[in-house]
Amino acid sequence: MIIDVLIALGKIAVVLLVGLGLGAYLTWVERKVAGHIQARMGPSVVGPFGLFQPIADGVKLVTKESIIPRGADVPVYYLALILALVPSFLIFSVVPFGPSFTVFGREIKPIISDVNIGLLIVFAMGSIAVYGTIFAGWASNSKYAFIGSLRKAAVIVSYEVVLGFAVLGVILIAGSLSTVEIVNSQIEKGIWYIVYQPVAFILYLFCMLAESGRVPFDIQEAEAELVTGYNVEYGGMRFGLFPLAEWYLNVVGLSAIAVVLFFGGWSGPHIFGPLSPYIWFLVKTFALVFFTLWLHWTLPRFQAKDITDIAWKILLPIALLNVVVTAFVVYLFS
Amino acid sequence: MPWISKEREERIKNRYKDVNIIRYEHAVSFEVGKDAFKDFLKYLKDEEGFKHFVDLTCIDFPDRDERFQGVYTLYNPDYNERVIVKTWAHNGRLPTVTDLWPGAKWGEREAYDMFGVEFEGHENLKRMFLWEGYPHFPLRKDFPLEGYKEEELPSLTEVLAGREDPPSHDFELVHTKIATLEDIERTERARLKKKAQLVLNWGPLHPGTHGTIWFLFDLEGEEVVQCDVILGQLHRGMEKIAEHLHYFQFLPYTDRMDYISAICNELSYVQAVEKLLGIEVPEKAKYIRTMFAELQRINSHLLWLGTGALDLGALTVFLYAFREREKIMDIIEGNAGYRLTTAFLRIGGVHYDLAEGTLDVVKAFVKDFYGRLKEYHSLLTRNRIWLRRTKDKGIITKEDVHAYGLSGPVARGSGVPYDLRKLEPYAAYDEVDFDIPVGEVGDVYDRYLVRMEEMVQSLRIIEQCVEKLEKLPKSAPYINKKHPAVMSPKQDVFHDLEDMVKNFRIVVHGEEAPPGEVFSSAENPRGELGFFIHSKGDSRPYRLRIRSGALYNLSIFPKLIQGGSIADAIALLGSLDPVVGETDR
């Protein structure tokens, strides 16, 4: 019993530390990628290849003076931070990083909790995360922040629906909501679900960008109109936490889920020895993350009403059609 | 400038007997009495086709009873003719012309702000640049250049040190008035009465406004119900300064108006003065001017492209544009010695001959730039998101172009081929071959395409200039130093007594200008930049009016944005492309 708890705590610690470290170092990756896309160097001064830049940034953000605007709703102001950060971490609780293995006769699953409603947790966390944005906009007592958070709310409401229907196709084929089961069924069938569900994958990509507030859906920030929108009144590390949660943890989490749903999770040829499932999983995830970064530094941004327009008028009908067709096919062939 | 033709003048004279015609070579004006004034303007607009509004200003003659003279510049786009109408104010009042040309709204407010002339019938006659409650009218002749010193502003360090008297520093404690927070609040309230849910402020400092403009948006949700603009944060009173300087001394000030296209500003100003003084410019100088003006135009359009795309979230285009801008800056720096505020042109020519190797660098740049333009096109032009953000947004009709006095790419985006390089060729524009791109719909996207194509046309012009300059001998003169009002180049001054004496005389006494009037304008990247000079035969202008293209282009913004969202506002503002240094002057 105690050992189970310890193992669980160990897994949580690993995911947390890796998650935070990844988040910090993704800022470096993003700046390097952006730099090379934009014909410049990116960070290069602090440490070799600028590798210590995230640490320098972290020190700077942590040591900054805390400024809370007059008239701000202070408890909600802090609650917003928690509500932004915690759900993006909780997504990782249902991400399976590899197949189970046995140590000293004890089976260990490299997933924090293999619940049978894993995907529902992902959706739930995505919906909760929007409260962080809304609270931040409301509590800041600033018009820019307020408008930014309202835009985000509108986007999330519409894309939650599309996301749910898009993923339904995969669930129908796999016959399970558990992330581990979905990966296993793909390995059993020997095929990735992107082959069966290409439309669903594209819809998922849209929703992923919208949920994480990446270009072309970064309307809640829109630095030209709203001066970075909902987080404009936050300073220091409080300010740093929002992009960490939204831009990095959310993107990595949702990419990992995409890999689970469409790219066969950890499956792949055993060319890296015993570590190869984990390496495949990370490679696939970061390929998707890189794709997101690439889009971010290439495309302009949509307008708020266009985004909701696209969601309700184009994406949702396609998603519904996809679900109906998938259901028919699954029914006929099983 | 092609001014009003003799036949038309005769026809008008027959109809209005008591109209007084003053004909100078570069400005033809009708002086109209107060009673016939509105009727005369209506006639000019409706029947003679002078429907394009160019400019409105006042001149102060303190020794006359009526004192203020209103000066209206109009343009006939069908026959390419221009005319000035003048009328005297009665008891400091003039009738408004906003019912004929809504573009006069801001012009009248500016005249009210600067001269205290009241325009009867104006819908919201508030100060344009200065704050509500400012007691003086700066462009009046009795207002001293340094202002009235009436407010004590002690040094902060002295106050903190607790020292009272005498001040340890050698600077004056009494200054001209500055706006207090209450003043600014009063100004804000005077501009916009809140009707909808919330008033969103953009500015005075805001990343989307490209300078210190202050926008007020009255929002219903994200929809803009009404909007107004508060200008003046960068107002330096250039017109007042010009009245106190010799003609050559004002040149560096023009750099600081539209600081992104300094050489184009200089070109416009230098031409106005050359017309007034009757100076011929050598051929080489003409081509150097044209080439650099076009380089500057590309430079300016690149800045517009970069920031415009940045506003719509395309971050990478910004840095790509700046990469190419840097090359142009380098060429300019190598020739003028400065990057931004160049002071490169001189009255009668240019400051320096072409630096060694300039033409090779320019050729290399042109060759490279065609490919770069393709890169920008591939990033934006067919991009679905870009189209969605720009198509059918902020449509300007042809009528509005004329009524608001729009010019530059903003006018051409709406299909009005109003390009002074063709209509009134200056410098070497009549000897080079180029086309004027025009839009069809007049939306943000058309203005984008027009500017992109203008860069290609600029490249064509530059290529032809390079070709010509390569043929010209190195010894060809680049400044017309024979003219008595043109300063000789520095190296001559050190070797030639006559040149030294001439320069000494000009520096001390200034150029002697004949009495007269000149209205001269040039096609700037941001529209028509005009200089109206009223000379009384002194070495300083009696009145120098700067007609800013950016100001008139911006004046249609509050109308266009009604019913749009604030995301449209940013796209629209980017497409109008104002520069605050020029709107405020």
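For the reader, a short list of remarks on this structure follows.
- Inter-chain Cβ neighbour average for residues A:301-309, partner chain, 10 Å: 5
- Cα shape, segment B:299-408, gyration tensor, a/c 1.5 rule: oblate
- Measuring max minus min along each principal axis, the C-alpha atoms of the protein assembly as shown give extents of 108, 68, 61 Å (largest first).
- Low-density loop positions, trypsin sites (Lys or Arg not before Pro), segment B:214-256 - DSSP coil, at most 15 other Cβ in 10 Å: B:Arg236
- Excluding ligands, DNA and RNA, the accessible surface per residue across chain B is 39 Å² with a 1.4 Å probe.
- GluC sites (Glu not before Pro) within segment B:123-222: DSSP coil, no more than 15 neighbouring Cβ in 10 Å: B:Glu123, B:Glu146, B:Glu150, B:Glu164, B:Glu172
- Residue with peak Gaussian network fluctuation, chain A [Cα springs, cutoff 10 Å], from A:Asn322, A:Asn250, A:Asn231: A:Asn322
- Cα gyration tensor category, rounded, prolate or oblate, for segment B:344-464 with a/c compared to 1.5: oblate
- Put a plus charge on the Cβ of each Lys and Arg, a minus charge on the Cβ of each Asp and Glu, and nothing anywhere else: the dipole of segment A:215-334 about its Cα centre is then about 420 debye.
- Selection from B:Trp101, B:Asn91, B:Leu74, by position along the positive dipole direction of segment B:40-143 (Cβ): B:Asn91
- The 1.4 Å probe gives accessible areas that order A:Asp309, B:Asp46, B:Asp255, largest first, as B:Asp46, A:Asp309, B:Asp255.
- Whether segment A:74-186 is rounded, prolate or oblate, judged on the alpha carbon gyration tensor where a/c under 1.5 counts as rounded: oblate
- Each label was represented as a point 7 Å from its Cα along the Cα-to-Cβ direction; for B:Ser155 and B:Val174 these points are 2.0 nm apart.
- For B:Lys559, a cut-off of 19 angstrom between C-alpha atoms picks up these lysines, skipping any fewer than 8 places away in its own chain: B:Lys105, B:Lys126, B:Lys193, B:Lys194, B:Lys195, B:Lys391, B:Lys393, B:Lys398.
- Sum of -39500 (n - 2.57) over DSSP H runs of 4+, divided by residues of chain B (222 nm, nearest 500): -12500 deg cm²/dmol
- Of every Cα-Cα pair in segment A:128-247, the percent that sits beyond 22 Å: 44 percent
- Mean-position separation - Cα centroids, segment B:10-55 and segment A:222-256, in angstrom: 61 Å
- The mean count of C-beta atoms from other chains within 10 Å of the C-beta of residues in B:202-212, rounded to a whole number, is 2.
- Annotation: A:Trp28 carries an accessible surface of approximately 50 Å², with a 1.4 Å probe and no ligand, DNA or RNA atoms counted.
- Cβ-based charge dipole, the protein assembly as shown, positive-most Cα from A:Val18, B:Ile22, A:Val115: A:Val115
- The alpha-carbon of B:Lys363 sits under 22 angstrom from the alpha-carbons of these lysines, leaving out residues fewer than 8 places away in its chain: B:Lys284, B:Lys286, B:Lys327, B:Lys374, B:Lys468, B:Lys471, B:Lys474.
- Only Cα pairs under 8 Å and 6+ residues apart enter the sum, and on that basis the relative contact order of chain B stands at 16 percent.
- Residue among A:Leu177, A:Leu26, A:Leu79 with the largest mean-square fluctuation in a Gaussian network model of chain A, springs linking Cα atoms under 10 Å: A:Leu79
- For chain B, convex hull volume per residue from C-alpha positions, Å³: 176 Å³
- Report summary: the helix-based calculation at 222 nm, which adds -39500 (n - 2.57) for every DSSP H run with n ≥ 4 and divides by the residues of chain A, gives -21500 deg cm²/dmol.
- Over 17 Å [Cα-Cα, segment B:34-121], rounded percent: 44 percent
- Over segment B:238-584, the hull volume per residue, using the convex hull of the C-alpha atoms, is 121 Å³.
- Across peptide B:314-326, the average count of Cβ atoms from other chains found within 10 Å of a residue's Cβ is 4.
- Charged-residue dipole, Cβ positions (Lys, Arg, Asp, Glu), chain A about Cα centre, Debye nearest 20: 380 debye
- Helix A:118-139 and the long axis of chain A differ in direction by around 10°, with both axes built from C-alpha atoms.
- Loop-resident sites, segment B:419-508, for GluC sites (Glu not before Pro), counting at most 16 other Cβ within 10 Å (DSSP): B:Glu431, B:Glu440
- When the Cα convex hull of chain A is projected onto planes of every orientation, the mean area is 19.2 nm².
- Where A:Arg40, B:Arg323 fall by accessible area, highest first, once all protein chains stay in place (1.4 Å): A:Arg40, B:Arg323
- Residue among B:Gln249, B:Val438, B:Ser535 farthest towards the positive dipole end of chain B, charges placed on Cβ: B:Val438
The values are calculated or read from the model by the stated rules, or taken from the named source; none is laboratory data. These numbers come from a predicted model, not from an experiment. Note: ideal-geometry Cβ built from the backbone for every residue, glycine included; neighbour counts use all protein chains shown. Just so you know, the surface numbers come from the protein's heavy atoms only, side chains and all, with ligands and any DNA or RNA stripped out. Shrake-Rupley method; radii C 1.70, N 1.55, O 1.52, S 1.80 Å.
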